[in-house]
1. At a 10 angstrom cut-off on C-beta neighbours, averaged per residue, how do the peptides 82-94, 34-46 rank from highest to lowest?
2. Sort region 229-428 into rounded, prolate or oblate with this rule: let a ≥ b ≥ c be the square roots of the eigenvalues of the Cα gyration tensor; rounded if a/c is under 1.5, and if a/c is not under 1.5, prolate when a/b is larger than b/c, oblate otherwise.
3. Please give, to one decimal in nm, the separation of the simple spin-label points placed at Asp350 and Ile94, each 7 Å out from Cα toward the Cβ.
4. Would you mind checking which residues have amide H under 5 Å from Ser248's amide H? H placed 1.01 Å from N; only 5 or more apart, or other chain.
5. At 0.36 nm per residue, minus the direct Cα-Cα distance, what do Gln233 and Glu29 gain on full extension? Give it in nm, one decimal, please.
6. Could you calculate the FRET efficiency of Thr103 with Asp169 from 1/(1 + (r/R0)^6), where r is the beta carbon distance between them and R0 is 22 Å, rounded to 0.05?
7. Compute the Cα gyration tensor for region 347-428, then decide on rounded, prolate or oblate, letting a ≥ b ≥ c be the square roots of its eigenvalues: rounded whenever a/c is under 1.5, prolate when a/b is larger than b/c in the other cases, and oblate in all that remain.
8. Given labels modelled 7 Å from the Cα in the Cβ direction, how far is it in nm from Val201 to Lys43?
Amino acid sequence: MRYYISGLIIFISIFFLLPLATKSQTSQEARAVLERELAQLEKQIDQYEDTISAYQKQGKNLKGEIDKVNNNISKINLQIKAINLEIAKLDLDIEKNNKQIKTTEQDLEDNKKALVDALRNLYEEDQVNLVHLLLKNKNFSNFFSGVQGLLQLQNNLREVIQKVADLRDKLIDQKQELALRKSDKRSLILSRDTDKKSLEVVKLDKFDLLNKTKGEESKFQELLKVTKQTAAQIRSRIFQFLGGGELSFGDAYKFAKAAEDATGVRAALILAVLDRESAFGQNVGRCSYQEAMHPRRDIPIFLQLVAELGINPNSVTVSCANRDGAYGGAMGPAQFIPSTWIIYKDKIADLTNNRPPSPWRNLDAFMATALYLKASGAANATVSNERIAAAKYYAGSRWRTHLWGYGERVVAKARQFQEDIAELISSS
């Protein structure tokens, strides 16, 4: 029996050490080609972004606006190409993950069968061997020594069982990752459609501008005065949060400015990330923590957090799981999941003097957003790095997938908010 079980344990251990899946040479080459093409496109897009920013700094005149429109059209066309490349890369990743999950499921099933057989044989031989040991050994010390050997074998099997349990958890995590990737693909498709619509709007704006001004600078400046919002209108405009709730734009800017002063991240970028218009289809603030949160990663931290704040956990809602089954659980205006909030909790408290800080308190939420963006490289950064930071805020380690979707949407929104902020500052 000892040799049978030991051999089985060795066999199963080796089985666990085998790689779950390997990427084929063809897949590696295809991904490398896509990476090179994407890098070239990103350089071109950054060049257009620099040109557009230069026009922005020069102030508005007819020629500058028309040139800016033309550059935006070119940039959007490149973005659409970049998104298509990202989709192609994502297809490769999804294919790889599907194979990985299929292999893991088969491994799990094979090991379950092996363990059932091993436990059955061990149980049957235990019954025989315990009687045999008792009859064979005349003193109890030898008998208990034999029993100890059987117990050791049982402990070894328990270790194998634990490995099976770990494999099951890994399989669950892989399914979660696949669900996120499927969600990413849908977001990319949405982004591509949005960019196409934006391109059509830009074209119409260009023709409308030419028709209204007839190419005359004086008419353009007159039109600009009529359409320009006043500081009072900007200040009183309603700002809706990503995670639900609203403030006047003036009050929202005060929170964002406090966060900018503390972290070096532009107030306009903070506002753009928190703006509901940048939510990109996220399902936020409608579910209970029990149905939405990751049970092991987030629920224990969430319960500890609300206990410290004196909040009934059933009285607040969080972001819902998506339709592919990926967990939600993001809290408050900044939409932090509990396991991320806990990382920044002390830093938020140091900057706001709110102890403990709350994800549902506006100042704490704005500061949390700024701290995350700073950690992602957005402090005193170029537009290109701000785009990356926004994508990381949205998707974490999967940020590249959303660079020209959500990331671009945020920096475009930040550009609009920067104009509004400039108007508020000039009028104060």
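1. 82-94, 34-46
2. Verdict is prolate for region 229-428.
3. A separation of 4.3 nm, rounded to one decimal place.
4. The list, which skips near neighbours in sequence, is Phe239.
5. Working: separation 204, 0.36 × 204 = 73.44 nm, distance 5.42 nm.
Extending this stretch completely gives an extra 68.0 nm.
6. My answer for the efficiency is 0.85.
7. Oblate, since a/c reaches 1.5 and b/c is not below a/b.
8. Between Val201 and Lys43, the simple spin-label model gives 3.2 nm.
No lab work stands behind these numbers, since they all come straight from the coordinates. Please read all numbers here as calculations on a predicted model, not as lab measurements. Here the Cβ is made from the backbone with ideal geometry for all residues, glycine too, and neighbour counts use every protein chain on show.
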